[in-house]
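*Asks:* I am attaching a structure below and will ask some questions about it afterwards.
The numbers here are math on the coordinates, done by the rules we state, and not lab data. Everything numeric here is computed off the predicted structure, so don't read it as measured data. FYI the Cβ positions are ideal-geometry reconstructions off the backbone, even for glycines, and counts take in every protein chain you see.
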Amino acid sequence: MGLITNIMGLLFGNNRNVLIETAQVFRENAENASARASDIQTEALRQFATEFSHPRRSWFDVMIDGMNRLPRPMMALGTLALIGASMADPIWFASRMQGLALVPEPLWWLMGAIVSFYFGARHQAKGQEFQQSVTDTMARTGQVTRNIQAIKGLAPDAPTLTKSAILPTENAALLDWQGKHG
């Protein structure tokens, strides 16, 4: 009996469980992990609550907070509006872009620096690449205008294809099938 007691004491003695401690080396204790996750969640909620628990905020603070949230959505929606305008009225859009082509390069750099500072981690090279892409797009405006005119030339009175124009005549199998299925 003493041998079994010694072995059991070795495994489970001194208020320790060697098997569980060994298993926890290879697998995380689910109960302790849940407790840690709960603590993290509680701390995150506490920090969030303290951020918004300032009862004495002035109207100026509220206004500035609101204004700080506007630039990104305004730039995104403005870009989408420009894309829509380019499709709705390409000539109007092209004339506006020609006006942008007249903006001096240092002013583009200044605007790029301001936007880069505001949004962070942007580089001047990105602004210069954008200006180059605008210039490339403007160079294609004439071709786009000619294409639009050509599309408008495809009016309902323009010649259209008839069924006889698209039926093949050299395919004997197809002609045989057409003969049988009328």
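*Asks:* If I model a spin label as a point 7 Å beyond the Cα along the Cα-Cβ vector, how far apart are those points for Ile4 and Ile40 in nm?
*Replies:* 4.5 nm
*Asks:* In nm, give the distance between the simple-model label positions of Ile151 and Thr135, each being 7 Å from the Cα along the Cα-to-Cβ direction.
*Replies:* 2.8 nm
*Asks:* Could I ask something else about it? Checking a compactness column here: for region 71-152, what do you get for Rg(Cα) / (2.2 N^0.38 Å), N being the number of residues?
*Replies:* 1.24
*Asks:* Estimate the FRET efficiency between Thr50 and Leu82 by the formula 1/(1 + (r/R0)^6), using the beta-carbon distance for r and 41 Å for R0, to the nearest 0.05.
*Replies:* 0.50
*Asks:* Taking neighbour counts of Cβ atoms within 10 Å as a proxy for exposure, in what order, fewest first, do Leu102, Leu107 appear?
*Replies:* Leu102, Leu107
*Asks:* Using the Cα centre as the reference, give the magnitude of the dipole from point charges on the C-beta atoms of region 48-94 (Lys, Arg: +1; Asp, Glu: -1; all else neutral), rounded to the nearest 20 debye.
*Replies:* 140 debye
*Asks:* Take Trp59, Trp109, Trp177 and order them by how many other Cβ atoms sit within 10 Å, fewest up front.
*Replies:* Arranged by neighbour count, lowest to highest, Trp59, Trp109, Trp177 become Trp59, Trp177, Trp109.
*Asks:* For Arg69, Arg36, what's the fewest-to-most ordering of other Cβ within 10 Å of each Cβ?
*Replies:* Arg69, Arg36
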